[in-house]
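The values are calculated or read from the model by the stated rules, or taken from the named source; none is laboratory data. Since we're looking at a predicted model, the values are computed, not measured. Cβ sites come from the backbone with ideal geometry, for glycine too, and all protein chains shown count toward neighbours.
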């Protein structure tokens, strides 16, 4: 079933507490059958993960990933509820996979949409409103087009919205939820830093003629 209605998504959300996007995916996977969608969410651990998402996750681990060639490195803080889970293989595997994901996504700057500052959103809107292809369009249509473009652009900046590099049918957010369902604790990506070798360093380039002149003067 390709046409999943908002009413059906809401019904599934009310029954499971899972997120809207997860409910829509579950319904798509089960041809719109609500009961099968509930079972699908439970198997994935998403419904139980949503219920745990409000619990405090103050334990966890800081992990790192250095890409081949040592030109890109990542530091990541991943939180859970207990130190026991933090030391476990499933949690540590997730930590490594998410760090690797960050290394592969040079445009990602924030964990979630909520972290994006208002000034960044305003700047993106100004840029989009000024594009030539919108000139002459009615304001109402222009606003709608810009809204869609901004949403896409902001998602590009957010880690949780990225397709998982090992399985593009999942987002990073869905990966975290599924893992939380497996271990029975709330998991939260708190913060990360991505390092690129030489980033921000201005390298002075000297042309051949200038180099020859320098040699002669010496």
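Condition check: crowded, with 20+ Cβ neighbours inside 10 Å and modelled with pLDDT of 85 or more. Does residue 95 satisfy that?
Working: crowded, with 20+ Cβ neighbours inside 10 Å: yes; modelled with pLDDT of 85 or more: yes.
Judged against the criteria, residue 95 is a match.
Can you tell me which condition residue 123 does not meet? The list is (1) modelled with pLDDT of 85 or more; (2) farther than 26 Å from residue 62 by Cα; (3) exposed (fewer than 10 other Cβ atoms within 10 Å of the Cβ); (4) over 19 Å from the mean Cα position of the chain (by Cα), and all the others hold.
Among (1) modelled with pLDDT of 85 or more; (2) farther than 26 Å from residue 62 by Cα; (3) exposed (fewer than 10 other Cβ atoms within 10 Å of the Cβ); (4) over 19 Å from the mean Cα position of the chain (by Cα), residue 123 violates only (3).
Would you tally the residues in the stretch 177-194 being at pLDDT 95 or above and surrounded by 15 or more Cβ atoms within 10 Å (Cβ to Cβ)?
Counting residues in the stretch 177-194 that are at pLDDT 95 or above and surrounded by 15 or more Cβ atoms within 10 Å (Cβ to Cβ) gives 3.
Which of (1) touching a helix residue (DSSP H, G or I) at 6+ places or on another chain (Cβ under 6 Å); (2) in the same structural domain as residue 72 (by TED's automatic domain parsing) does residue 169 not meet, given it meets every other one?
(1)
Against the condition surrounded by fewer than 16 Cβ atoms within 10 Å (Cβ to Cβ), touching a strand residue (DSSP E or B) at 6+ places or on another chain (Cβ under 6 Å) and at pLDDT 95 or above, how does residue 66 come out, does it pass? Lay out the reasoning, then the answer.
Details: surrounded by fewer than 16 Cβ atoms within 10 Å (Cβ to Cβ): yes; touching a strand residue (DSSP E or B) at 6+ places or on another chain (Cβ under 6 Å): yes; at pLDDT 95 or above: yes.
Answer is yes for this residue.
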